[in-house]
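Shown next, in structure tokens, is the structure this report addresses.
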Amino acid sequence: MSKKITITLRFDEDLTAAFIQEHPEYIDFRIVSKSLDARNAPRGRVPCYHYQLEAIKTGEQFSSHSETFSAVDDDIKQSIKPIIVGLGPAGLFAALRLLEYGITSVIVERGAPAAERMKDIAKYWRYGILNEQSNVCFGEGGAGLFSDGKLITRIKSPYIQYVMDKLVDFGAPENVAYESNPHLGSNRMRRLIIAVSTYLKAAGCEIHYRTQMSDFIFSSSGNIEGMMTSEGQQLVGSDVILATGHSAEDVYLMLERHKVAMRPKDFAIGVRVEHPRMLINKMQYGAFKQEELGAARYRLSNHDKESDRGCFSFCMCPGGHVLSSSTQADGLVVNGMSNFHHNSKWSNSALVVSVKAGRDYSDTNIAEALSFQRKIEQRAFVQSCERASGRELPAVNISDFMLDRSSRKLVKSSTPSGIFAGNFEQIFPEFITAQLRMALKRFDQKMKGFISSEALLIAPETRTSSCVTIKRNREELSSAQYSNLYPCGEGAGYAGGITSSAVDGIRVVEALLEKHRNA
């Protein structure tokens, strides 16, 4: 029987040599988990890696990660004809999970295949010409394709390892299966997504690209029996898995028209903060060799008791780029990404302030929540048109922002869209800029030099998550109104990233199959 072993090593020590020296009775090992502890590196403490290993002796074998799937009768398989709307992580993993049971699906994606989508995005970044159906948020791979390829999640689920192992099966590096902060990078994520969709098509799944859902098809009894596309095509199926992502405003409005239960929810809005990568590395690693430790990460948060609002870093992209990622031609939105090797000269992160349903917008009116988000994006676009060409992003040097003044000369940025000296007071509600300034002071105390004349704030970061939750039954995971409609992933309000979205897609499939077994 294999044994679990814990080893802690200096960042520059060799794991294999240490294992052989400390555990000569074992003939082999594999890494179960690996995490870096560099919390006290700026104060001179040597960074360490914490490993959990699985070790074996002669005649032993490593434990199996394989999963046993509950059987689905042939007659049930033949009756299930699922339609999946959205080809992001939730939709992709729902389709993969269905195939584990021998069930193929029809997948509808409003955007383009990944290769064509890249051309649409490049045209937007370079010329400001936005394809509202194929962009950073819409298209094969969903928003996750351009969100850094981070696989970090705080959820607890038995399906997380399944997701990681599947990603490795489709070409992700093996360390993805065991590192505490696994990262694919947007460049590798694109290749992996193409491999998954190619596999799905080869296995018999239909994928309809550049196909937008416009409405449901209802039976005479009032049940959903399929969907209508914007071009008038009808697709009929037994179940509809709704995995449309956090930016499909038209879907929320269509659901509201059919009286599908939804509610506005809390989310977060703010900016991207961008520093030179070497500056962040120095703050986090002190005098230790940055080349061996890689691009440094950070996680920061502050809670203001008086206003009961939080401000926190989110989607930190070491060695990355700031991207313009709007889905509507009259708005601007920013996001961040980095490639596998983290080799950009800059590191960035969202710095966002919590906004609250029932306080900042209605907790019952979906349109009001969407409008709160959209108005910020529109004000940023208007300012860009007035001060630049309409594609550049509003920015301010962080030191100027703290003094409540615009920047006369901006430092360089990674964004391919360009930047201009913006006025954040004209873009955001006052409480957001006030909370950002308060939090930045605290962050500078935790990471000395965070408020730097070399750093930028770029606005606005408004798509951290959906501002809407589509209500579903706790056990069945289906809509309260329609038993064969399964909202899932970020767009439904039940996930917050690639991994949690993929897990939610799997959970929905398991619930769907259980319903058919019990029918």
Item to check | Signed unit charges on C-beta, dipole axis of the range 266-461, positive-most listed residue Thr415, Ser326, His275 | outcome: His275
Next on the checklist: Given R₀ = 25 Å, what would the calculated FRET efficiency be for Gln234 paired with Asn473, taking r from the Cβ atoms and rounding to 0.05?
Outcome noted: 0.40
Checklist entry - Among all helices in the chain defined by DSSP H, which have a length of 20 Å or more along the axis from Cα atoms plus a Kyte-Doolittle mean of at least 1.6? => result none
Next on the checklist: Rounded, prolate or oblate, given the Cα gyration tensor of the range 28-187, with a/c below 1.5 counting as rounded?
Outcome noted: oblate
Checklist outcome for this item: Yeah, the range 362-467 with a ≥ b ≥ c from its alpha-carbon gyration tensor (a/c under 1.5 is rounded, else prolate when a/b outruns b/c, oblate otherwise) is oblate
Checklist outcome for this item: Protection proxy (average C-beta count within 10 Å per residue), highest first, orders 17-28, 429-440, 342-353 as 342-353, 429-440, 17-28
Checklist entry - Say each of Ser33 and Asp330 gets a label point 7 Å from the Cα, pointing the same way as Cα to Cβ; how far apart are those two points in nm? => result 4.9 nm
Checklist entry - Can you list residues whose amide H is under 5 Å from Ala357's amide H, if they're 5+ apart or on another chain and H is modeled 1.01 Å from N? => result Asp266, Phe267
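What FRET efficiency comes out for the pair Lys123/Ser307, r = Cβ-Cβ distance, R0 = 35 Å, nearest 0.05?
0.25
Relative to the Cα centre, what is the charge dipole magnitude of the chain, using +1 at the beta carbon of each Lys and Arg, -1 at the beta carbon of each Asp and Glu, and rounding to the nearest 20 debye?
On the way: 62 positive and 59 negative charges, 322 e Å.
Dipole size: approximately 1540 debye.
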Checklist entry - Rounded to the nearest 5, what % of the DSSP beta bridges within the chain are antiparallel ones? => result 75 percent
Item to check | Only Lys, Arg (+1) and Asp, Glu (-1) charged, at Cβ; the range 3-56 dipole about Cα centre in debye | outcome: 360 debye
Item to check | Distance between modelled label sites at Leu253 and Arg45, nm, 7 Å Cα→Cβ extension | outcome: 5.3 nm
Checklist outcome for this item: Under 5 Å from the placed amide H of Cys137, counting only residues 5+ away or on other chains, we find none
Checklist outcome for this item: The set of residues whose placed amide H lies less than 5 Å from the amide H of His321, leaving out same-chain residues fewer than 5 positions away, is Met337, Ser338
Checklist entry - Relative contact order for the range 266-461 using alpha-carbon pairs under 8 Å, separation at least 6, rounded to a whole percent? => result 29 percent
Next on the checklist: I'd like to compare 279-289, 502-512: which one has the highest average count of other Cβ atoms within 10 Å, and what's the full order after that?
Outcome noted: 502-512, 279-289
Checklist entry - Working out 0.36 nm times the residue gap between Arg442 and Asn175, then minus their Cα-Cα distance, what length gain in nm do you get to one decimal? => result 92.7 nm
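Since every read-out is calculated from the coordinates, none of them should be taken as a lab result. For clarity, every value in this text was computed on a predicted model and none was experimentally measured. Neighbour counts run over all protein chains shown; Cβ positions are idealised from the backbone, glycine included.
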